[in-house]
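This report refers to the structure that appears directly beneath it.
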Amino acid sequence: MERVADVLRHKYPQFNTISPNRSITDALHQMQAENVDHLIVLEDDRFVGVLTEHDIVCKIIYQSGRLDTAIVKDFMSTYLPVATMSDSLEHCMQLMEKYNMRHLAIYERFSFKGVLSSHDLIKQVLLKRKAIFDEMEEQQNYLWD
């Protein structure tokens, strides 16, 4: 059974971080430049939340937010479900489903380790599935070989 640590090992270190006092336009530019849909919000090297494209769109459309004066802390999500490095990927999927969230904060004891996204989980499942099919293909004996 795969664990959170296996997934984070492949994506660590996570450089997609931003300060809560930066502008939303800076955050959007950073997301575009890094080709990510979320940024980890750190204040004094302490995790305080996640800013997603979804957060920005919802606040702009439904709460008439203004991009020119908005800052990250006005748009970020601060309440994320928490998982540990030893949790299974299945458990993470259940947490995401239960809380209708696309991101989980990962902690080991009281130390922040990163963010796990639904995209990370899908990618891991596809990699595992590909490995299974590759193994099955190697085991097959073809008459023409």
Selection status of THR52, modelled with pLDDT of 90 or more, surrounded by 12 or more Cβ atoms within 10 Å (Cβ to Cβ), within 18 Å of HIS119 (Cβ to Cβ) and polar (S, T, N, Q):
yes
Checklist (1) in contact with a helix residue (DSSP H, G or I) (Cβ under 8 Å, 6 or more places away or on another chain); (2) surrounded by fewer than 17 Cβ atoms within 10 Å (Cβ to Cβ); (3) aromatic (Phe, Trp, Tyr) applied to TYR99, failing item:
(1)
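Any idea how many residues of region 18-36 are in a loop (DSSP other than H, G, I, E, B) and surrounded by 16 or more Cβ atoms within 10 Å (Cβ to Cβ)? If you could, list the steps in order and put the result at the bottom.
Within region 18-36, the first condition is being in a loop (DSSP other than H, G, I, E, B), and the residues that meet it are 19-22, 35-36.
After this cut, where a residue has to be surrounded by 16 or more Cβ atoms within 10 Å (Cβ to Cβ) as well, the list is 19-20, 22, 36.
Count: 4.
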Here's a check for you: in region 13-38, which residue that is touching a residue at least 24 places away in the same chain (Cβ under 8 Å) and closer than 17 Å to TYR107 by Cα is nearest to the chain's Cα centre (by Cα)?
GLN14
On the given criteria, is MET93 over 29 Å from ASN21 (Cβ atoms), surrounded by 10 or more Cβ atoms within 10 Å (Cβ to Cβ), at pLDDT 90 or above and not basic (Lys, Arg)?
yes
Starting from region 82-104, keep only residues that are under 19 Å from LEU39 (Cβ atoms), then list their pairs with residues that are basic (Lys, Arg) whose Cβ atoms are within a distance under 9 Å, requiring at least 6 positions of separation or different chains.
MET96/ARG102
The residue from PHE75, PHE15 that alone is surrounded by 15 or more Cβ atoms within 10 Å (Cβ to Cβ), closer than 22 Å to PHE112 by Cβ and not β-branched (Val, Ile, Thr) is PHE75
Could you tell me which numbered condition LYS113 fails, if it satisfies all but one of (1) part of a helix (DSSP H, G or I); (2) within 27 Å of GLU2 (Cβ to Cβ); (3) basic (Lys, Arg); (4) modelled with pLDDT of 90 or more?
(1)
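The values are calculated or read from the model by the stated rules, or taken from the named source; none is laboratory data. As the structure is a computational prediction, the values presented were derived from the model and not from experiment. Glycine also receives a Cβ, built like all others from the backbone with ideal geometry; neighbour counts cover every protein chain displayed.
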